[in-house]
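Have a look at the structure below before the remarks.
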Amino acid sequence: MRPTRLGLAAALLLIAGGPAAAWEAPRAKPQRIVSLNLCADELLLRLVGPERLAAVTWLARDPRASTVAALAARVPVNHGTAEEILPLNPDLIVAGRYTTRVAVGLLTRLEAPLLELDVPQSVAGVAEQIRGLARAVGEPDRGEALVADLLSRLDALPPAAPGPRPTAVVLRPNGFVAGSGSLVDELLTRAGLENMADRLPLGSQGALPLEAIILGGADVLIVDAAPDAPPSLAGALLLHPALRAMKRQVRTLSLPSRLWTCPGPQIAEAAERLAAAREARP
Amino acid sequence: MRIETHALSATAGGRAILTDVTLTIEPGAFTGLIGPNGAGKTTLLRLLAGLAEPAAGRVTFDGRTAAQTGRRALARGIAYLPQSGPVHWPLRTEALVMLGRLPHRGPLGGITAADRAAVERALATADAAHLRGRIVGTLSGGERMRVLLARALATEAPVLLADEPVAALDPGHQLACMALLRDAARRGSGVVAVLHDLTLAARFCDRLILLSGGGALADGPPGRVLTDDHLRAAYGIAVQRGEAGGEPFLLPWHALPSPMPKPETP
Amino acid sequence: MTAAATWESRIPYPALVAGLTGLALALCAVSAAVGYVPFDLGAALSDWLAGRPTLGALVLAELRLPRALLGLLVGFSLGLTGAAMQGWLRNPLAEPGLVGVSSAAALGAVIVFYSGLSAALSLALPLGGMAGAVTAAVLLNLMAARGAGTTALVIGGIAINSLAGSLTALALNLAPNPYAALEIVFWLMGSLADRGTDQLWLVLPPMLAGWALCLSGARALDALTLGEDAAHSLGFDLTGLRVRLIAGAALAVGSAVSVTGAVGFVGLVAPHLMRPLAGARPGRLLLLAGLAGACLTLAADIAVRLMPTRPELKLGVVTALIGAPFLIVLIARLRREEA
């Protein structure tokens, strides 16, 4: 197992997921918290700050993937292996439900103080996760503040004009699109857009050929971009000349994936940018 | 074309094959290159064709080196028939013989009437015209050799160098092939053939070069080269001689116990 | 053999070239018409020609046509190079895929792509492919210079292939992104999915140069039928030929692989199919094998889009399904001949 890849896969897998995790009873304020997941890194750095964190993932320091890179620079990093974690003698370990499974399995057998975060599929789920984690680290007030800020920013989005809402498709690396029932889908709706992924010629499941996305005829094309990411064929698809040419005909928005890869207060900014794109002319 | 060698030496794998060979190949003569296995017959033939660089000495073609002559001019001047010539693809006879015309064709030039005529002459001369539509791989050894000979003849070069052209032929075709080479010389070509059959060599060649011990042991008309002493020294054999219709002939008769012939080399 | 004789006499070479060119262009048109989403090709074409910016025109000009043309170019490159290498090594198994030239080109392209070099300078991508291809071709040349027979050639090819394949896997594993390890399939099997005009223009010049170099060796390859000494005596510079063929193969295969990955077996099957029609003449075979390679690749690329699998099958899967039986038959025949 290669921790580097697992760590990054974490960021990607967290988009989809099931219902919220069951929460353990909150302890007294943990002082040596270790995070094994980028999304946990982001929430923890916002909730408790760097001082009480014994380690975050190496990804948290990467400004291309993380919205808290500056804070993370002050915390040691791990690569998601149990042997890195145990010597830190953590009093709380926060992991993702779908990532670093080998380390989590080992830590569970050792009865380490472990908390697993699920991948919320709605704004309500995001709020619930923030509150739950805040309780677990003994900072319920800061959790409430984060949630309140997030919800108020979402409520403050400019209202959609009357009539049919502009249709939108979110294109991700490898030709994946964000389907209905996802957090991204809800953000689109809140931003006054209509996610038309399910009505694409070939549906919204799996890797789609570009022509299915282009001929879908959405009013707004949102590219889940990480232009400075390490090169990959998956990412190169997002730079395809057909999409460049399409910009002349269709409103196109490039949205950094760090803004909505993880459920956190940063999704408010994603929604704000989406709403701005709705209003913009092509 | 007149080919001259001056103090020619050749080595292979660090071993001297030829040392200090000086000779001249004149037009209009059929020269047999004879000698025991490993004496350097093929090496000498390749040097005469300009296919290899000598270790020392030089080869000139009408007084000029191979580089001065130019690759294409040399190809038009010398036709070379390699030993047991390989044919790597299932070509048809006619297409194979046409390869002999390559030195005459420009980089983009197509096949001309002159090319076709030369191929017809070569096929007729080599008694292979009836094989024109056959795929070379399906021919018998003798048919194949004639087709390859026709390929070399099709170049219509003033010099023809042939490495063991009769080795795979039955006696009838051996005689026909030797007559053909002699006739080519009568018409003015310089013909050099590596031969193992001393009887044929003595009967058909104007001149024999006997290679042995790294040099030309003897060089001249067959009668002066194929002496008992030379044959003993070069091959370690004794021969029987006779006469038929006023022509002398000889037959290798038995191997002599000493000196031992040189070990065979590939 | 007898059937081949009648073919050769019945179909003159210019007619063969014209027929295959027509077939390749027709397959190009079919390839542009076949896609995942049905759309009005005629309307898209007239929109595109009239410069009307419709989505149909965009899909035609930026997706369907580049894909079809790249299929043509890549197929031609592989077929032509296969024929040239076979003529040069006088071995019907010499093919860019089997002898490792393609996988070495893939390695070169992978290193350039995932290191970010090609993002800085797009020309670096085909150059990387060419560097890989030329390395393999030179290794092959060294083996051939030692008089390698079929067995040695195949074993050498396996060695180059597996070395290049594992180094490609290593390079992809070291690449700092989560997709890289999944993308090894693209590089090892090849695909034309969602290729674009930028790739088309990038590889067109080196490919054309590579074709010219390979085709310029036609006469010399004919002469090589008789072996090296005879070819030399017919006035051909074999060292020059070797340099031209290695450079030509590297330019054509290196740039092809750098944008589509290593599509296998085209260079084996195309010359094999065309050899009887070319009267087995290696020089004539070049152009015919190139055209046949283009037809095969286009047909395979049409097939992957007609199959109900999604994401689509890699192109190399289909060409291997066609090519592997050819390989088995060829090896059996060669063993008979060598026995």
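The values are calculated or read from the model by the stated rules, or taken from the named source; none is laboratory data. Just so it is clear, the model here is predicted, and its values are computed rather than measured. Positions of Cβ are generated from backbone atoms using ideal geometry, with glycine treated the same way; all protein chains shown enter the neighbour counts.
For segment A:118-126, state whether one or more residues are under 21 Å from residue A:251 (Cβ atoms) and under 20 Å from the mean Cα position of the chain (by Cα). No, that holds for no residue.
Are there any helices (runs of 4 or more DSSP H) wholly within segment C:69-176 with 1 or more residues that are surrounded by 24 or more Cβ atoms within 10 Å (Cβ to Cβ) and more than 14 Å from chain B (Cβ to nearest Cβ), and if so which?
On the way: elements: C:101-114, C:117-120, C:124-145, C:150-174.
In segment C:69-176, the matching helices (runs of 4 or more DSSP H) lie at C:101-114, C:124-145, C:150-174.
Considering (1) surrounded by fewer than 24 Cβ atoms within 10 Å (Cβ to Cβ); (2) more than 28 Å from residue B:108 (Cα to Cα), the lone condition that residue C:300 does not fulfil carries the number (1). Is it the case that segment B:24-35 has a residue that's part of a strand (DSSP E or B), surrounded by fewer than 19 Cβ atoms within 10 Å (Cβ to Cβ) and of a type in the set (A, V, I, L, M, F, W, C)? No, segment B:24-35 contains no residue that is part of a strand (DSSP E or B), surrounded by fewer than 19 Cβ atoms within 10 Å (Cβ to Cβ) and of a type in the set (A, V, I, L, M, F, W, C). Check off (1) out of contact with any Cys (no Cβ under 7 Å at 6 or more places or on another chain); (2) within 28 Å of residue A:51 (Cα to Cα) for residue A:117 and give me the number that stays unchecked. Result: residue A:117 passes all but (1). Here residue A:55 passes the criteria (1) modelled with pLDDT under 90; (2) touching a helix residue (DSSP H, G or I) at 6+ places or on another chain (Cβ under 8 Å) except the one numbered (1). Residues in segment B:80-96 that are more than 7 Å from chain C (Cβ to nearest Cβ) and crowded, with 24+ Cβ neighbours inside 10 Å: B:81, B:93, B:96. Take the conditions (1) more than 9 Å from every other protein chain (Cβ to nearest Cβ); (2) in a helix (DSSP H, G or I); (3) without any contact (Cβ under 8 Å) to a residue 60 or more places away in the chain; residue C:229 misses just one of them, which is (1).
Note on segment A:188-272: enclosed helices (runs of 4 or more DSSP H) holding 3 or more residues that are touching an Asp or Glu at 6+ places or on another chain (Cβ under 8 Å) and within 11 Å of another protein chain (Cβ to nearest Cβ) are A:241-246. Taking (1) surrounded by fewer than 23 Cβ atoms within 10 Å (Cβ to Cβ); (2) among the polar types (S, T, N, Q); (3) within 30 Å of residue B:143 (Cα to Cα) in turn, residue B:155 satisfies each apart from (1). Taking the criterion of being over 19 Å from the mean Cα position of the chain (by Cα), touching a residue at least 40 places away in the same chain (Cβ under 8 Å) and under 26 Å from residue C:304 (Cα atoms), the residues of segment C:169-196 that qualify are C:172, C:180. For segment A:2-12, the count of residues that are surrounded by 24 or more Cβ atoms within 10 Å (Cβ to Cβ), of a type in the set (Gly, Ala, Ser), closer than 30 Å to residue A:177 by Cβ and modelled with pLDDT of 90 or more is zero.
Mind checking which residues of segment A:158-184 are under 20 Å from the mean Cα position of the chain (by Cα) and part of a loop (DSSP other than H, G, I, E, B)?
Result: A:178, A:179, A:180, A:181, A:182.
Of all residue pairs spaced 6 or more apart or on separate chains, those with beta-carbon atoms under 6 Å, a first member in segment B:129-145 that is within 12 Å of chain C (Cβ to nearest Cβ) and a second member that is assigned to a helix (DSSP H, G or I) and crowded, with 21+ Cβ neighbours inside 10 Å are B:132/B:93; B:134/B:93; B:136/B:96. Counting the residues of segment B:46-76 that are facing chain C (nearest Cβ under 10 Å) and touching a residue at least 60 places away in the same chain (Cβ under 8 Å) gives 3.
Applying a threshold of 6 Å to beta carbon distances and a minimum spacing of six or more residues, or different chains, the list of pairs starting in segment C:313-339 at a residue that is under 19 Å from residue C:86 (Cα atoms) and at pLDDT below 90 and ending at one that is surrounded by 18 or more Cβ atoms within 10 Å (Cβ to Cβ) and of a type in the set (S, T, N, Q) reads C:334/C:150. When the residues of segment A:203-253 are filtered to those that are among the small types (Gly, Ala, Ser) and under 21 Å from residue C:120 (Cβ atoms), the one that is surrounded by the fewest Cβ atoms within 10 Å (Cβ to Cβ) is A:225.
Among the residues of segment B:111-134, the one identified as within 25 Å of the chain's Cα centre (by Cα), of a type in the set (Val, Ile, Thr) and closer than 22 Å to residue C:278 by Cα is B:119. Residue B:203 meets each of the listed conditions (1) assigned to a helix (DSSP H, G or I); (2) over 15 Å from residue B:84 (Cβ atoms); (3) touching a strand residue (DSSP E or B) at 6+ places or on another chain (Cβ under 6 Å) apart from (3). Put simply, of C:294, C:289, C:278, C:300 the only residue that is assigned to a loop (DSSP other than H, G, I, E, B) and either touching a residue at least 40 places away in the same chain (Cβ under 8 Å) or within 18 Å of residue C:82 (Cβ to Cβ) (or both) is C:278.
Let's see how each residue does on (1) over 11 Å from the mean Cα position of the chain (by Cα); (2) buried (at least 24 other Cβ atoms within 10 Å of the Cβ); (3) facing another protein chain (nearest Cβ under 10 Å); (4) closer than 12 Å to residue C:81 by Cα:
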site: C:214; (1), (2), (3), (4): yes, yes, no, yes
site: C:222; (1), (2), (3), (4): yes, yes, yes, no
site: C:234; (1), (2), (3), (4): yes, yes, yes, no
site: C:249; (1), (2), (3), (4): no, yes, no, yes
site: C:256; (1), (2), (3), (4): no, yes, no, yes
site: C:263; (1), (2), (3), (4): no, yes, no, no
site: C:276; (1), (2), (3), (4): yes, no, yes, no
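Among the residues of this structure, residue B:179 counts as one that is among the small types (Gly, Ala, Ser), more than 14 Å from chain C (Cβ to nearest Cβ) and in a helix (DSSP H, G or I). Remark: pairs (first residue in segment A:79-105, at positive phi; second residue among the aliphatic types (A, V, I, L, M) and in a helix (DSSP H, G or I); Cβ separation under 8 Å; 6+ apart in sequence or on different chains) = A:80/A:6; A:80/A:10; A:80/A:103; A:100/A:6; A:100/A:10.
Being within 16 Å of residue A:39 (Cα to Cα) and among the β-branched types (Val, Ile, Thr) is the filter here, so list the residues in segment A:82-103 that pass it.
Narrowing segment A:82-103 to residues within 16 Å of residue A:39 (Cα to Cα): A:92-101.
Selection gives A:93, A:94, A:99, A:100.
Among the residues of this structure, residue B:45 counts as one that is within 30 Å of residue C:282 (Cα to Cα) and part of a helix (DSSP H, G or I). In segment A:94-138, of all residues being of a type in the set (Gly, Ala, Ser) and in a helix (DSSP H, G or I), the one that is nearest to residue A:80 (Cα to Cα) corresponds to A:103. Taking the condition of being in contact with a Gly (Cβ under 6 Å, 6 or more places away or on another chain) and basic (Lys, Arg), how many residues in segment C:242-281 meet it? Here the count works out to 1. Screening the candidates C:131, C:152 for the property of being of a type in the set (A, V, I, L, M), over 30 Å from residue A:79 (Cα atoms) and free of Cβ contacts under 8 Å to residues at least 12 places away in the same chain yields one hit, C:152.
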